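A.B. asks: This is the structure, below, for whatever I ask next.
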Amino acid sequence: MPVFKTLDDLPADLAGKVALVRVDLNLPMSEGRASDLTRVEAVAPTILELADAGAKVLLLAHFGRPQGQRHSTMSVSLVQGDVEKVLGREVMFISEVAGPVVDQSLGIMRPGDIGLLENTRFWPGEEANDSDFVRAIAAHGDLYVNDAFSAAHRAHASTEGLAHLLPAYAGRAMQAELEALDRALGNPEPPVCAVVGGAKVSTKLDVLGHLVGKVQHLVIGGGMANTFLAARGVAIGKSLAEHELAGQAGEIMEAADRADCTVHLPYDVVVSKEFAANPASMRTCHVHDVGADEMILDIGPQATEALADVLKTCRTLVWNGPLGAFETPPFEVATVSLARTAAALTKEGSLVSVAGGGDTVAALAMAGVVEDFTFVSTAGGAFLEWMEGKELPGVAALRR
Ligand code: AMP
């Protein structure tokens, strides 16, 4: 486990000290309102712990992609009310991230007060990790807390730069995430099973390449399985696949063989002639029986049962990507079933289950098992980069 400081290592007396806290407030919006407050709920314990210890808490966050310019539609003031609602405290919005306006605000704030700084990405120095910009923000703080794992794959001023200028700590959400990820891949109890699904192999080549050397079972599902089946010479009809990646798929399977990692591809599948909900042409068949006018939209019941049996022999599961086109019924069946098996094994205490990524979280929510997994990460890009075995700059900077 990489060593980093947590809030347990904070100085005893925080009264009046200014804590700069990087959080993820990039909330999904619908008609100008946040549609899901999970991200705020995730960082609330860190904010409240610091405030209750008497710190003046200044929150740093990005919101959307304003590309270094102010856009009123991307001001974090839009989520100020949501943050207040979740925290149950007043939060002062501060329209800058550095300079006299921040100084004046800190002059007004009392120990334990919480301020919300403007969208860090309104300034080009954020994404450039510009040293003057970092210094200007750091000048207001006594310490830096990073509680935004989801942004830790970016070396930006607020996610990485500040950790070099101020005493740096992992917040509670970041700490929980790093500890869970360590249990899943850093230092897992074997046998380890990785489930990698989703649409495209091309976005997850590095993930697969890294996993074959780390896990004993690699389950490939979703559209990605089609590319692997095609690489093995299976006729997959109109299925979504990247035929040009056949060579790389073959290399991954060879690397898995060398590393004693069993690759699991489905041997029965659910196919249809059209991609629609409950299509009339839907049927279940062996992978070798897919018609030229059919597409594979989910793995079949036998394959699902076989995977459940694999999971029963494993102690650790790491999962990214659905096994089928789960948004369209009934092509969620295999994903939901395997998710429920994993949840039950976790509840029994025989499996450590860690899953991550936007679609995966949505699929687990559909199965009603988010709470039953050991850990579910809502981070998309950062979770994938971690599965690729990459060092995330925001995490590395905490480890000094
Ligand atoms: P990703 O973002 O790479 O995890 O891909 C998730 C997407 O893959 C979801 O929108 C699924 O609907 C889609 N998907 C999974 N399996 C299939 C499949 N067999 N055919 C088409 N799309 C699929």
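The values are calculated or read from the model by the stated rules, or taken from the named source; none is laboratory data. Remember, predicted model here, so these are calculated numbers, not experimental data. Don't worry about glycine lacking a Cβ; one is built from the backbone with ideal geometry, like all the others, and counts go over all protein chains shown.
A.B. asks: Would you call Val212 aliphatic (A, V, I, L, M) and within 16 Å of the ligand (Cβ to nearest atom)?
C.D. replies: Spelling it out, it is not the case that Val212 is aliphatic (A, V, I, L, M) and within 16 Å of the ligand (Cβ to nearest atom).
A.B. asks: Let me ask something else about it. Residues to consider are Ala292, Ala277, Ala199; find the one that is more than 16 Å from the ligand (Cβ to nearest atom), touching a residue at least 24 places away in the same chain (Cβ under 8 Å) and not in a helix (DSSP H, G or I).
C.D. replies: Ala292
Per-residue answers, yes or no, for (1) part of a loop (DSSP other than H, G, I, E, B); (2) over 26 Å from Val352 (Cβ atoms); (3) polar (S, T, N, Q); (4) under 27 Å from the mean Cα position of the chain (by Cα):
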site	(1), (2), (3), (4)
Leu208	no, no, no, yes
Leu218	no, no, no, yes
Glu244	no, yes, no, no
Ala249	no, yes, no, yes
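A.B. asks: Please find, within region 337-359, the residue that is nearest to the ligand (Cβ to nearest atom) out of those that are of a type in the set (A, V, I, L, M, F, W, C) and crowded, with 21+ Cβ neighbours inside 10 Å.
C.D. replies: Ala355
A.B. asks: Which numbered condition trips up Val370, out of (1) surrounded by fewer than 22 Cβ atoms within 10 Å (Cβ to Cβ); (2) within 22 Å of Leu27 (Cβ to Cβ); (3) of a type in the set (A, V, I, L, M); (4) out of contact with any strand residue (DSSP E or B) (no Cβ under 6 Å at 6 or more places or on another chain)?
C.D. replies: Single failed check for Val370: (4).
A.B. asks: With the structure loaded, tell me whether Ala362 is more than 17 Å from the chain's Cα centre (by Cα), among the small types (Gly, Ala, Ser) and either within 15 Å of the ligand (Cβ to nearest atom) or surrounded by fewer than 21 Cβ atoms within 10 Å (Cβ to Cβ) (or both) or whether it fails that test.
C.D. replies: Considered against the rule, which asks whether it is more than 17 Å from the chain's Cα centre (by Cα), among the small types (Gly, Ala, Ser) and either within 15 Å of the ligand (Cβ to nearest atom) or surrounded by fewer than 21 Cβ atoms within 10 Å (Cβ to Cβ) (or both), Ala362 comes out as no.
A.B. asks: Okay, next question. Does region 302-319 contain at least one residue that is crowded, with 21+ Cβ neighbours inside 10 Å, within 21 Å of Ser239 (Cα to Cα) and more than 11 Å from the ligand (Cβ to nearest atom)?
C.D. replies: yes
Here is a yes/no grid of residues against (1) in contact with a Ser or Thr (Cβ under 7 Å, 6 or more places away or on another chain); (2) of a type outside the set (A, V, I, L, M, F, W, C); (3) surrounded by fewer than 23 Cβ atoms within 10 Å (Cβ to Cβ); (4) at pLDDT below 95:
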{"position": "Ser202", "(1), (2), (3), (4)": "no, yes, yes, yes"}
{"position": "Leu208", "(1), (2), (3), (4)": "no, no, no, no"}
{"position": "Val219", "(1), (2), (3), (4)": "no, no, no, no"}
{"position": "Gly222", "(1), (2), (3), (4)": "no, yes, no, no"}
{"position": "Gly250", "(1), (2), (3), (4)": "no, yes, yes, no"}
{"position": "Glu254", "(1), (2), (3), (4)": "no, yes, yes, no"}
{"position": "Arg258", "(1), (2), (3), (4)": "no, yes, yes, no"}
{"position": "Leu265", "(1), (2), (3), (4)": "no, no, yes, no"}
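A.B. asks: Say we look at region 26-46 and pick out the residues that are in contact (Cβ under 8 Å) with a residue 24 or more places away in the chain and touching an Asp or Glu at 6+ places or on another chain (Cβ under 8 Å); which of these is surrounded by the fewest Cβ atoms within 10 Å (Cβ to Cβ)?
C.D. replies: Ranking the candidates gives Leu37 first.
A.B. asks: Are any residues in region 229-257 in contact (Cβ under 8 Å) with a residue 24 or more places away in the chain and within 12 Å of the ligand (Cβ to nearest atom), and if so, which ones?
C.D. replies: Matches in region 229-257: Leu229, Ile236, Gly237, Lys238, Ser239, Leu240, Glu242.
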